[in-house]
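Trainee: This is the structure I have questions about; it appears just below.
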Amino acid sequence: NSPNWVNGSAITKIMDLPLARTSFIQEILLHSPQLAKLLTWEVLLLELLFLPLLFNSLTRRYVWLAMIFVHIGISITTKIIELSTGIIIFHLFVMPSEWFVHIETLIKSLTVNSQIHSFSRAQKKAQS
């Protein structure tokens, strides 16, 4: 119930602390208060709606992926990565197993398409 989350200044204040990593992302967030405010409210909204959206099969993948990106963002922008790493690992353990099948199928199709593209380039080069 922190006023920093409600008024949208939480991310700006975090980026101003010694625990923030010095990077171009920190500079962008410190010099773009509207962007930092928008990100603060997006994270707050995601945290509040995460559980209800997780129970909806239409939004489950999107909200799960959004939360993973939030924690990757926290890991990139702060020096305290242990909590976010633990949460990401937890999310991977509770991820439905059928999602792994979809990911594997996507990777295989990308690999096959890449091999076909390489083969067709090699054929064109051999014909030249």
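Nothing in this text is a laboratory measurement; each read-out follows from the coordinates by a stated rule. If you're wondering where the values come from, they're calculated on a predicted model, not measured in any experiment. Please note: Cβ atoms are built from the backbone with ideal geometry, for glycine as well, and neighbour counts cover all protein chains shown.
Trainee: Explain nothing, just the number: dipole magnitude of the chain about its Cα centre with +1 on each Lys and Arg Cβ and -1 on each Asp and Glu Cβ, in debye rounded to the nearest 20.
Mentor: 560 debye
Trainee: Relative to the first principal axis of the alpha-carbon coordinates of the chain, what is the inclination of helix 82-94, with its axis defined by its Cα atoms, in degrees from 0 to 90 and to the nearest 10?
Mentor: Between the helix axis and the principal axis of the chain, the angle is about 50 degrees.
Trainee: Then there is this: Defining a contact as two alpha carbons under 8 Å apart and six or more residues distant in sequence, what relative contact order in percent does the chain show?
Mentor: Averaging sequence separation for qualifying contacts and normalising by length gives 21 percent for the chain.
Trainee: Another question, then. Calculate, axis by axis, the spread of Cα positions in the range 24-99 along the three principal axes, and write the results as whole Å, longest axis first.
Mentor: 41, 24, 17
Trainee: Taking only Cα atoms and a 10 Å spring cutoff, compute GNM fluctuations for the chain and point out the largest among L35, L17, L106.
Mentor: L106
Trainee: Note down the net charge around W5, summing +1 for each Lys or Arg and -1 for each Asp or Glu among other residues with Cβ under 15 Å from its Cβ.
Mentor: The answer is 0.
Trainee: With a Cα-only, solvent-free Debye model of the chain, what are the log10 I(q)/I(0) values at q = 0.10, 0.12, 0.15 Å⁻¹?
Mentor: The computed values of log10 I(q)/I(0) come out as -0.50, -0.65, -0.84.
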